[in-house]
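Remarks on the structure that follows.
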Amino acid sequence: MIPQFQRYITKWGLTVRQTIDLDGDRMTSLLQALGSPERSVPVIHIGGTNGKGSTGAFIDELLRAHGETVALFTSPALIDVHDQLRLNGRLVREEELDRAFEELVAVDVTAELTEFELLTVIAFLVIRAWNPTYAIIEVGLGGRDDSTNVVLPEVAILTSIALDHVAVLGSTTEQIASVKAGIIKPSRPVVVGTLDEDARRVVETVARMQEAPSFFLGTDFTVETPLPETYRGEKTYTWSSRLLEGVHQASNAAVALAALEAIGYPLDASRVTAAIERTTYAYRFEQVREFVWLDGAHNEAAARALVASIEQKWPGHLIDVAIGMLARKDIRAVVDVLRPVVSNWYCVDFDNEEAARGSDVQALIGPSARVVTLDDMRAMIDAPRTTPLVMTGSLYLLAQL
């Protein structure tokens, strides 16, 4: 469930489907009845397995640095539904959501939407009322049949493709790429991050079929690391620091720049540098205390990116890791990737109906791992430390710390 969203649903007398049911027809007919709010402003549509949030944050900061008004729709919620929809960085207000619900119930709502479909419709209505110069829309799940895939974007972005949500999207990167490439639209550019060969072939094929100009990281544009970093695409941009730490964030910044170049957006070099350097995003290798970091590495690919960040920041050193994950994730794969850089493990019991028990995670790691509560973790965050601690896994865990 989306935190705090149910009270709006109840308040306005609506019901939602309780199962994931990817059917775009329900969305299309309802949006038409509402006057197609999803077509009201220029959209940048972001899909992929990992990196969507960070790439969206870079684009948001870049556009705002150039004087644009930007709406941002992301998922999942970090704290509650209000942080999923922002205008120039501020969270959507309760009265703005209420006005959108009022507009929705004024039409004959015959289709029972899933919770995320309903949120997507509400987001489009709020964005239309805001009338920003750009809206950045993040895919919820997959791509082809996702409720956000009713937009006709200025550019589509595929940040990465890796194994995640395999029960719904497929068990190979080729299958997942086929679903995620469904956001590519006819004659609209698509910008693509780092993919394996199988996934890339799928995306290239879909782009050709859609006659969509395609731009791939490493081929059509590049980023040179380590810091100071240099982007080379249509033009060259450099920056000497990033608040968003991690090797992989250089790639996300490059994808963001390539997307704006793909739509012909006029970028100013000094504003690009300032925007890249000051971009932040919660729970992406985020330092919250001295020697304490939060990172939402909830699948194998994200864990590999986290390990690369750890090895870059503390070369040759082991660190402490606290982990809590949803039971449906491939916990063993994440643990196995992290294991070479970990000295002490803490397995967290946290409040979510889908959460794996700390003892189950401990069983995958070994008896040396400690099972801890959320209160234990909060105390560890506040206690003085002399060695690094990274808290990772589910975003739902990190939001409770």
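For the range 309-321, take each phi angle, set θ = phi - 60°, evaluate the Karplus expression 6.51 cos²θ - 1.76 cosθ + 1.60, and give the result in whole Hz per residue in order, putting x for glycine and proline.
5, 5, 5, 6, 7, 10, x, x, 10, 8, 10, 8, 10
Taking only C-alpha pairs under 8 Å that are 6+ residues apart, what is the relative contact order of the chain in percent?
Value for the chain: 15 percent.
Sort MET380, MET27, MET325 so that the residue with the fewest other Cβ atoms within 10 Å of its own Cβ comes first and the one with the most comes last.
By the 10 Å Cβ count, ascending: MET380, MET27, MET325.
Kindly state, as a whole number, the per residue volume in cubic angstrom of the convex hull around the alpha carbon atoms of the range 137-190.
Roughly 74 Å³ of hull volume per residue.
Whole-Hz ³J(HN,Hα) for each residue in the range 393-400, computed from phi via Karplus 6.51 cos²θ - 1.76 cosθ + 1.60 with θ = phi - 60°, x for glycine and proline: what do you get?
Values per residue, Gly and Pro as x: x, 6, 4, 5, 5, 4, 5, 8 Hz.
What FRET efficiency comes out for THR386 versus GLN4 if R0 is 41 angstrom and r is the Cβ-Cβ distance? Round to the nearest 0.05.
Efficiency, from the Cβ-Cβ distance: 0.60.
Under a 5 Å amide H to amide H cut-off, with H placed in plane at 1.01 Å, what residues pair with ALA355 once short-range neighbours are removed?
Amide H to amide H, under 5 Å and 5 or more residues apart or across chains, ALA355 pairs with ALA327.
Could you derive backbone 3J(HN,Hα) for the range 52-58 from the dihedral phi with the Karplus parameters 6.51, -1.76 and 1.60 (θ = phi - 60°), listing whole Hz in sequence and x where the residue is Gly or Pro?
4, x, 5, 4, x, 5, 4
At a 10 Å Cβ-Cβ cut-off, how would you order THR148, THR172, THR273, THR236, fewest neighbours first?
Ordered from fewest to most neighbouring Cβ atoms within 10 Å, THR148, THR172, THR273, THR236 come out as THR236, THR172, THR273, THR148.
Could you rank the peptides 1-8, 248-255 by their average count of other C-beta atoms within 10 Å per residue, with the highest value first?
Answer by packing, highest mean first, reads 248-255, 1-8.
With a 10 Å radius around each residue's Cβ, average the other Cβ atoms per peptide and rank 125-132, 211-218, highest first.
Ranked by mean Cβ neighbours within 10 Å, highest first: 125-132, 211-218.
Taking H as built 1.01 Å from N, whose amide H comes closer than 5 Å to the amide H of PHE221, not counting residues under 5 places away?
The answer is PHE216.
Can you give me the long-range amide H partners of ILE136? Hydrogens built in the peptide plane at 1.01 Å from N, cutoff under 5 Å, separation of 5 or more residues or another chain.
The answer is ILE44, ALA71, LEU72, PHE73.
Sorted by average packing, counted as other Cβ atoms within 10 angstrom per residue and highest first, what order do 47-60, 220-233, 180-193 take?
Those peptides, ordered most packed to least, come out 47-60, 180-193, 220-233.
What whole number of Å gives the distance from the Cα centroid of the range 275-305 to the Cα centroid of the range 126-172?
Measuring centre to centre over Cα atoms gives 22 Å.
In whole Å, what is the distance between the alpha-carbon centres of the range 344-401 and the range 12-71?
With the range 344-401 and the range 12-71 each reduced to a Cα centre, they are spaced 32 Å.
Working out 0.36 nm times the residue gap between ARG208 and THR373, then minus their Cα-Cα distance, what length gain in nm do you get to one decimal?
Length difference between fully extended and current span is 54.3 nm.
Readers should treat all values here as calculations from the given coordinates under stated rules, not as data from a laboratory. From a predicted model like this one, the values you see are computed outputs, not experimental measurements. Quick reminder, even Gly has a Cβ in these numbers, built from the backbone with ideal geometry, and neighbours come from all protein chains shown.
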